[in-house]
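Data first, discussion second: the structure below is written as structure tokens.
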Amino acid sequence: MATQHSRSAARLMMAPAVILLLGWMLVPLVMTLYFSFMDYRPMRGIVECCVGFSNYERFITSSAFLDSIIVTMIMVGGILAITVIGGVLLAILLDQPIWGQGIVRILVIAPFFVMPTVSALVWKNMFMDPVNGILAHLWRFFGAQPHDWLSQSPLFSIILIVSWQWLPFATLILLTAIQSLDSEQLEASEMDGAPALMRFWYIVLPHLSRAITVVILIQTIFLLSIFAEIFVTTQGSFGTRTLTYLIYQRVLESQNVGLGSAGGILAVILANIIAIFLMRIVGKNLDA
Amino acid sequence: MARAHTTQRKVVMTTAAWIIGLAIFFPILWTILTSFKTEADAIANPPKFLFFDWTLENYGIVQERSNYARYLWNSIVIAGGSTVLGLIVAIPAAWSMAFVPGRRTKDILMWMLSTKMLPAVGVLYPIYLVMIKMGVLDTKGALVVVLMLINLPIIIWMLYTYFKEIPVEILEAARMDGATLREEIVYILTPMAIPGIASTLLLNIILAWNEAFWTLNLTAAKAAPLTAFIASYSSPEGLFYAKLSAASTMAIAPILIMGWFSQKQLVRGLTFGAVK
């Protein structure tokens with residue numbers, strides 16, 4: 001009786017969240033899907049339905065699309081490589097018995113809390129500026145020609161900036177995972193004379209594999225939609241136009257909504273492919 | 001001998017960790033230091049680290065020229081409002097899923113998570129259009145709702161993992177004693193859930209404060225929060241290192257402090273309970 005009562009109450013309590021999220025997901029998505037089959041350019045007053053798959057055809061066959069996919073892959077791949085490898089090494093280092101561990105951890109985590117526009121602008125102007133940036137001073141100190149980061153290697157510069165923001169995230173999660181490692185196992189292998197590298201490869205790394213997968217998947221989802229860092233540094237020029245930025249430009253800058261929406265749908269499909277893998281891992285954990 | 005060996009190892013590890021930690025923190029430290037310099041000192045060659053004329057004038061100028069306080073207020077309203085609104089919607093939902101799970105609870109949770117993975121840019125124009133039609137583009141209210149919706153899955157998930165840890169036996173005992181649903185929630189669950197709710201609140205204020213896709217695209221002069229205000233410094237004419245630093249320091253300081261308090265919750269919240 002009581003269960004019956006609480007069950008219907010439970011459903012009622014869940015309803016607002018479910019309805020809101022359903023609306024938030026479905027309404028704009030259906031609109032985007034609808035726009036993607038239209039010739040819709042509000043600036044010129046063109047609103048024509050329906051043009052079939054021509055937007056998709058144009059979006060996919062344009063050279064900008066292929067470039068943006070390559071840029072996105074390099075950017076996401078580069079950031080993942082730096083943050084995951086750096087994160088594993090840092091997590092192992094922070095797990096060692098050291099003095100002032102708490103303070104070091106706070107220092108390492110800090111960049112994650114810096115808003116993206118701040119970190120991008122601080123890096124762009126105060127560090128990567130070829131005249132007054134800290135890195136230029138450093139280069140000159142060692143007698144080298146200062147590097148004009150954002151115009152000579154813009155993609156790499158953005159990778160560095162975003163990696164700086166996400167390294168703390170990877171480190172924090174991997175550190176949490178490392179701390180759950182059974183230390184007896186490690187000590188036993190140390191007694192048996194296994195060298196540090198072997199212990200890392202055969203005990204630590206396998207233990208971390210799940211956390212690493214989670215880090216990769218979650219970061220990928222966030223990194224696929226990097227926006228502010230590009231917006232305030234290169235505005236998508238000099239070969240830094242990711243798929244997200246390309247769609248943004250089509251939709252809001254050149255106001256070709258039909259074309260941009262076709263790109264938007266492609267981005268949704270792409271993100272979903274990655275999401276499926278993440279959901280599987282999270283779902284498995286839910287049973288346990 | 002073994003002891004000396006461990007101490008030596010600890011010294012090496014400590015040194016390495018501190019050097020790396022300070023290097024990672026350096027951009028933030030440098031921003032804070034630069035905010036207290038004059039513009040001339042800010043671009044001095046070689047850079048001045050600690051020995052310069054400390055001044056607070058940048059903070060005054062930033063406020064005077066661009067009415068910084070208004071952007072700050074917008075940020076507070078948007079981040080705070082969206083988090084509180086999110087909690088109001090999420091607490092009952094998470095409560096019911098944790099304590100009265102049905103056959104579909106798991107599917108609903110997974111589906112909620114999947115909405116978080118929808119790329120924002122894919123739905124940018126419809127949201128933009130709806131806001132224009134409703135006349136709410138560039139209003140704080142609209143952003144409160146949008147940020148509430150994008151963070152709702154994280155809020156529900158975090159609360160769910162916290163609520164799950166509350167032992168059901170206590171609830172059953174209360175029910176046996178004849179507690180009504182309302183009493184159960186007010187007198188038993190709420191006190192036990194407060195730490196979880198507090199960390200959820202903290203993490204979501206951080207996420208909403210730093211959100212920089214919707215805040216940049218859906219605001220102009222009126223409702224722009226700090227993310228958009230800082231972005232306005234990207235135009236070359238507005239570029240002064242000391243003032244940029246002062247504005248940045250003010251924008252990140254409150255969140256940095258909150259963030260340090262929520263380290264542990266961050267892992268749980270952002271991995272949806274997959275890593276604890």
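Bear in mind these aren't lab numbers, they're just calculated from the coordinates by the rules spelled out. Everything numeric in this text was worked out from a predicted model, so none of it was measured. In this analysis, Cβ positions are derived from the backbone assuming ideal geometry, glycine residues included, and neighbour counts consider all displayed protein chains.
With only alpha-carbon pairs counted, each pair once and no self-pairs, how large is the Kirkwood hydrodynamic radius of chain B in angstroms? Working shown, then result.
Working: mean 1/r = 0.0455 Å⁻¹.
By the Kirkwood definition, the hydrodynamic radius is 22.0 Å.
Under a Cβ-only charge scheme (Lys and Arg +1, Asp and Glu -1), can you give me the dipole magnitude of the protein assembly as shown about the Cα centre, in debye to the nearest 20? Please report the intermediate quantities before stating the final value.
Working: 35 positive and 30 negative charges, 105 e Å.
Taking the Cα centre of the protein assembly as shown as origin, the dipole is about 500 debye.
Arrange the following residues from fewest to most other Cβ atoms within 10 Å of their Cβ: A:Asp95, B:Asp53. Could the numbers behind the result be given before it?
Values: A:Asp95 17, B:Asp53 10.
So the ranking, lowest neighbour count to highest, is B:Asp53, A:Asp95.
What spacing in nm lies between the two simple spin-label points modelled at A:Phe238 and A:Arg210, each 7 Å away from Cα in the Cβ direction?
My value for the distance between the label points is 4.3 nm.
Would segment A:69-197 count as rounded, prolate or oblate if I go by the C-alpha gyration tensor, calling it rounded below 1.5 in a/c and otherwise prolate when a/b exceeds b/c, oblate otherwise?
prolate
For chain A, what is the per residue volume of the convex hull drawn over the alpha-carbon atoms, in cubic angstrom? Don't skip to the answer; put the middle values down first.
Numbers: hull volume 62.3 nm³, N = 288.
Per-residue hull volume (Cα only) is 216 Å³.
Working from Cα positions, state the angle (0 to 90°, nearest 10) between the long axis of helix B:190-210 and the longest principal axis of chain B.
That works out to roughly 40 degrees.
At what distance in nm do the modelled label points of A:Gln145 and A:Tyr202 sit from each other, each positioned 7 Å from its Cα along Cα→Cβ?
About 5.1 nm separates the two model spin labels.
Would you mind checking the pairs B:Lys140/B:Lys243; B:Lys106/B:Lys264; B:Lys222/B:Lys243; A:Lys284/B:Lys264 and listing those with alpha carbons more than 31 angstrom apart? Please report the intermediate quantities before stating the final value.
On the way: B:Lys140/B:Lys243 26 Å; B:Lys106/B:Lys264 25 Å; B:Lys222/B:Lys243 22 Å; A:Lys284/B:Lys264 22 Å.
In this structure, not one pair exceeds 31 Å between Cα atoms.
Mind checking Rg over Rh on segment A:187-288, alpha carbons, Kirkwood formula for Rh? The partial results should precede the final answer.
Values: Rg = 20.7 Å, Rh = 16.9 Å.
A ratio of 1.22.
Could you run the Karplus curve 6.51 cos²θ - 1.76 cosθ + 1.60 with θ = phi - 60° over segment A:21-32 and give me ³J(HN,Hα) per residue in whole Hz, x for Gly and Pro?
Whole-Hz 3J(HN,Hα) from phi for segment A:21-32: 5, 4, x, 4, 7, 6, 4, x, 5, 5, 5, 4.
Give me a single rounded figure for B:21-32: the average over its residues of other chain Cβ atoms within 10 Å of their Cβ. Please list the in-between numbers first.
Details: counts 14, 3, 2, 12, 8, 3, 12, 8, 2, 4, 7, 0.
The shielding value for this peptide is 6.
If you build a Gaussian network model of chain A, linking Cα atoms that sit under 10 Å apart, which residue out of A:Pro146, A:Pro154, A:Pro111 swings the most?
A:Pro146
Treating only the Cβ atoms of Lys and Arg (+1) and Asp and Glu (-1) as charged, compute the dipole magnitude of chain B about its Cα centre; round to the nearest 20 debye. If you can, show how the numbers build up before the last one.
Values: 21 positive and 15 negative charges, 126 e Å.
Once rounded to the nearest 20, the dipole reads 600 debye.
Calculate the tail of P(r) for the protein assembly as shown: the fraction of all Cα-Cα distances greater than 46 Å, expressed in %.
Details: 27907 of 158766 pairs.
When all Cα pairs of the protein assembly as shown are counted, 18 percent exceed 46 Å.
If you put +1 on each Lys and Arg Cβ and -1 on each Asp and Glu Cβ, how big is the dipole of segment B:12-73 around its Cα centre, in Debye rounded to 20? Present the calculation step by step, with values, prior to reporting the outcome.
On the way: 4 positive and 5 negative charges, 35 e Å.
Computed charge dipole of segment B:12-73: roughly 160 debye.
Against the longest alpha carbon principal axis of chain B, how many degrees, from 0 to 90 and to the nearest 10, is the axis of helix B:57-66 turned?
70
Check the straight Cα-Cα distances from B:Lys164 and name the aspartates and glutamates below 16 Å, setting aside those fewer than 8 residues away within the same chain.
Leaving aside aspartates and glutamates fewer than 8 places away in the same chain, those within reach of B:Lys164 are A:Asp287, B:Glu172, B:Glu184.
How large is ³J(HN,Hα), in whole Hz, for each residue of segment A:58-74 in order, when computed from phi with the Karplus curve 6.51 cos²θ - 1.76 cosθ + 1.60 and θ = phi - 60°, using x for Gly and Pro?
With the stated coefficients, segment A:58-74 comes to 5, 5, 6, 7, 5, 5, 4, 5, 4, 4, 5, 5, 5, 4, 4, 5, 5 Hz.
Have a look at B:Leu181, B:Val145, B:Asn204 and report the one farthest towards the positive end of the charge dipole of segment B:142-224, computed about the Cα centre with Cβ charges (Lys/Arg +1, Asp/Glu -1).
Result: B:Val145, furthest along the dipole toward the positive end.
Does segment B:62-178 classify as rounded, prolate or oblate by the C-alpha gyration tensor (a ≥ b ≥ c root eigenvalues; a/c under 1.5 gives rounded; else a/b over b/c gives prolate, otherwise oblate)? Write out the running numbers ahead of the final one.
On the way: a/c = 3.19, a/b = 1.86, b/c = 1.71.
Because a/c hits 1.5 or more and a/b exceeds b/c, segment B:62-178 counts as prolate.
Based on the alpha-carbon gyration tensor of segment B:120-276 and its eigenvalue square roots a ≥ b ≥ c, which shape applies: rounded if a/c is under 1.5, prolate if not and a/b is larger than b/c, or oblate? Provide the component values of the computation, followed by the final result.
Working: a/c = 2.98, a/b = 1.88, b/c = 1.58.
Prolate, since a/c reaches 1.5 and a/b exceeds b/c.
If I build a Gaussian network model for chain A, linking alpha-carbon pairs within less than 10 angstrom, which residue out of A:Ile158, A:Ile82, A:Ile19 has the largest mean-square fluctuation?
Its mean-square fluctuation being the largest, the pick is A:Ile19.
Distance between the C-alpha centers of segment A:255-272 and segment B:198-262? Whole Å please.
Spelled out, the Cα-based centre of one part sits 28 Å from the other.
DSSP loop chymotrypsin sites (Phe, Trp or Tyr not before Pro) in segment A:42-73 with at most 14 other Cβ atoms within 10 Å of their Cβ, which ones? Could the numbers behind the result be given before it?
Values: sites: A:Phe53, A:Tyr56, A:Phe59, A:Phe65; in loops: A:Phe53.
Passing both the DSSP loop test and the Cβ count: A:Phe53.
Select from B:Ala231, B:Ala251, B:Ala94 the residue whose mean-square fluctuation is largest in a Gaussian network model of chain B (Cα-Cα springs shorter than 10 Å).
B:Ala231
For segment A:139-158 and segment A:43-111, what is the separation of their C-alpha centers, rounded to whole Å?
Result: 22 Å between the Cα centres.
Give the aspartates and glutamates reachable from B:Lys10 as a straight Cα distance under 14 Å; neighbours fewer than 8 places away on the same chain don't count.
A:Asp95
Run the simple label-point estimate for A:Ser8 and B:Trp73 please: 7 Å along Cα→C-beta, distance reported in nm.
4.8
Got a sec? How would B:Phe52, A:Phe35 order by Cβ neighbour count within 10 Å, fewest to most?
B:Phe52, A:Phe35
Helix B:124-134 against the longest principal axis of chain B: what's the angle in degrees, Cα atoms only, rounded to the nearest 10?
The answer is roughly 80 degrees.
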